[in-house]
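Read the structure below first, then the notes.
The values are calculated or read from the model by the stated rules, or taken from the named source; none is laboratory data. Note that the structure is a prediction, hence the values are computed from the model and not measured. Note that each Cβ is placed from the backbone with ideal geometry, even for glycine, and that neighbours are counted across all protein chains shown. The protein model used for the area step is the full one, side chains on, heavy atoms only, and it has no ligands, DNA or RNA in it. Shrake-Rupley method; radii C 1.70, N 1.55, O 1.52, S 1.80 Å.
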Amino acid sequence: MSSKKTNVSTDIDHQRLESLINSMSDGVISTDEKANIVLYNGAALNVLDVNSIQKGDPVDTVLKLTNEHGDPLDVKRIILDAKTQITSRDYKIKYSDGSVVSLYLSISPVHLGYGKKGEKGFVLIIRDITREKSLEEERDEFISVISHELRTPIAIAEGAIGNAEFILEKSGDTEKIKEALASAHQQAIYLEDMINDLSTLSRAERGVLENSVEDINAHQFIESLQEMYIKDAEKKGIQLYIDVDPELELLRSSKLYVQEIMQNFITNAIKYTEEGSVTVHAKKAKDGVEFAVSDTGIGISKGDQARVFDKFFRSEDFRTRSQNGTGLGLHVTRKLAQMAKAQINLSSELGKGSTFTIYFPNLN
Ligand code: ADP
């Protein structure tokens, strides 16, 4: 009687344990001491991207690991060599369709439990960490690009200020001092622009930018943009025209996003145009409005057109490099456009000019 009771409770314990392991989101595989599979859970099938696992098979028939460079590894050796628990985040698995995932792998040598009582074995925990890894890589790259981008203007400003001090002590030539201070000032403005862009980008990425939808009177909106930028255009000796469809109705969208996006297009158009004009167009489109900013500027090569929205991308062209810029403006623009469900199109020809077109749908 008492032994029956024990059997029942062992059965229940076993079932509990099994459902516990099966409910885990991490893949679990246990093996015998020769690294042959004894037990696995459902999540292991997902991580390994297989429909079933044959119990008794050597674990390396399903767990085909490579190092970070894609070189195959001796999985059996790695497991059998584990004397204490080891974990790694540097392995990868290549699936049959050629795709590669990054893997978290923990190997724990265990005693007791599988097959004959007292046998040894290993418990493997596996998890797909591709997304975490790519976020880490992106963050590292971001930090390295940012520090590089910050270092240059700071070094120029520091040099210019040092130079001004030197001239002040030696000759006191005010013209030269003014020149040096103007250069330092320009770099400070560049840093300020960059920090503003970074702050908008970070708020857009976290989705915490205010995005209340409102009715925007497109006529007034375009006129206000013209007012805002006409002086900058005049300073460069170029015209800033507007071309607004009289049929235009109200646009329902986030004014903050629409404004920020259009300002980015217009400042770029003025910045990258040496002569001629910039025109801001607005016309009615299906369930929304289509804006466009066209310029008669330096244009963008076909190769660069595919990259202008990338983070920190700036064309190598000397005419671009002679202008201050962070390479963040269009990246931020694309993020904001996604949030406003807007679609951007770019057409451009080197030496002739560029047109950035954006369609904003009415939002609810
Ligand atoms: P930047 O701060 O360099 O202006 P953006 O992200 O706004 O950064 O633009 C990225 C790059 O795209 C610019 O450096 C420039 O090479 C190119 N670009 C953007 N707008 C124009 C334009 N209207 N005409 C020519 N090139 C442009």
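How long is the gain from Asp97 to Leu198 if the chain were fully straight, where each residue apart is worth 0.36 nm and the alpha carbon distance is subtracted?
Values: separation 101, 0.36 × 101 = 36.36 nm, distance 3.80 nm.
Working it through step by step, the gained length comes to 32.6 nm.
So for the chain, taking the charge dipole from beta-carbon charges (+1 Lys/Arg, -1 Asp/Glu), which of Ser106, Leu191, Val308 sits furthest toward the positive end?
Farthest along the dipole direction, towards plus: Ser106.
Treating each Cα of the stretch 130-208 as an identical point scatterer and ignoring solvent, apply the Debye formula and state log10 I(q)/I(0) at q = 0.14, 0.16, 0.21 Å⁻¹.
-0.62, -0.71, -0.94
Sequence neighbours fewer than 8 away in the same chain don't count; with that in mind, list the lysines whose C-alpha is under 28 Å from Lys302.
Lys236, Lys271, Lys283, Lys311, Lys335, Lys341, Lys352
Counting other C-beta atoms within 10 Å, and keeping those with at most 10, which DSSP coil GluC sites (Glu not before Pro) do you find in the stretch 268-312?
Answer in residue order: Glu275.
Give me the number: length gained by fully extending Asn51 to Lys176, i.e. 0.36 nm times residue separation minus the C-alpha to C-alpha distance, one decimal in nm.
On the way: separation 125, 0.36 × 125 = 45.00 nm, distance 7.51 nm.
The span from Asn51 to Lys176 would gain 37.5 nm if fully extended.
Test of understanding: extend the Cα→C-beta vector of Lys284 to 7 Å, then name every residue of the stretch 222-257 with backbone N under 20 Å from that spot.
222-223, 243-253
Using only C-alpha atoms and all pairs of different ones, pull out the Kirkwood radius for the stretch 212-364 in Å with one decimal.
Values: mean 1/r = 0.0642 Å⁻¹.
Result for the stretch 212-364, one decimal place: 15.6 Å.
For His185 paired with Asp317, estimate the spin-label separation in nm (one decimal), with each label point 7 Å from Cα along the Cα-to-Cβ line.
Taking the simple label geometry, His185 and Asp317 are separated by 2.9 nm.
What is the percent carbon and sulfur in the accessible area of the chain, measuring with a 1.4 Å probe over the protein chains and ignoring ligands? Could you put the intermediate results ahead of the total?
On the way: 10760 of 21490 Å².
Whole-percent figure for carbon plus sulfur exposure: 50.
Could you give the dipole magnitude of the stretch 2-128 about its Cα centre, charging the beta-carbon of Lys and Arg +1 and that of Asp and Glu -1, in debye to the nearest 20?
480
Straight-line reach only, C-alpha to C-alpha below 29 angstrom: list the lysines that Lys64 could link to, leaving out same-chain residues fewer than 8 apart.
Lys34, Lys55, Lys76, Lys83, Lys92, Lys94, Lys116, Lys120, Lys133
Quote the charge dipole size of the chain about the Cα centre in Debye, to the nearest 20; the model charges only the Cβ of Lys and Arg (+1) and of Asp and Glu (-1).
Taking the Cα centre of the chain as origin, the dipole is about 1500 debye.
Of all trypsin sites (Lys or Arg not before Pro) in the stretch 273-326, which ones are in loop regions per DSSP and have a Cβ with at most 15 other Cβ atoms within 10 Å?
When the trypsin sites (Lys or Arg not before Pro) of the stretch 273-326 are filtered for loop state and at most 15 Cβ neighbours within 10 Å, Lys286, Arg307 remain.
At 1.4 Å probe radius, can you tell me the per residue accessible area of the stretch 212-364 in Å²? Display every interim value, and only then the final one.
Working: 7650 Å² over 153 residues.
Spelled out: the 1.4 Å probe surface of the stretch 212-364, per residue, equals 50 Å².
Could you work out the Kirkwood radius for the chain, taking every pair of different alpha carbons, averaging 1/r and inverting it, reported in Å?
Numbers: mean 1/r = 0.0384 Å⁻¹.
The Cα-based Kirkwood calculation yields 26.0 Å.
With a 1.4 Å probe and all protein chains left in place, how much accessible area per residue does the stretch 1-68 have, in Å²?
Heavy-atom SASA per residue in the stretch 1-68 reads 65 Å².
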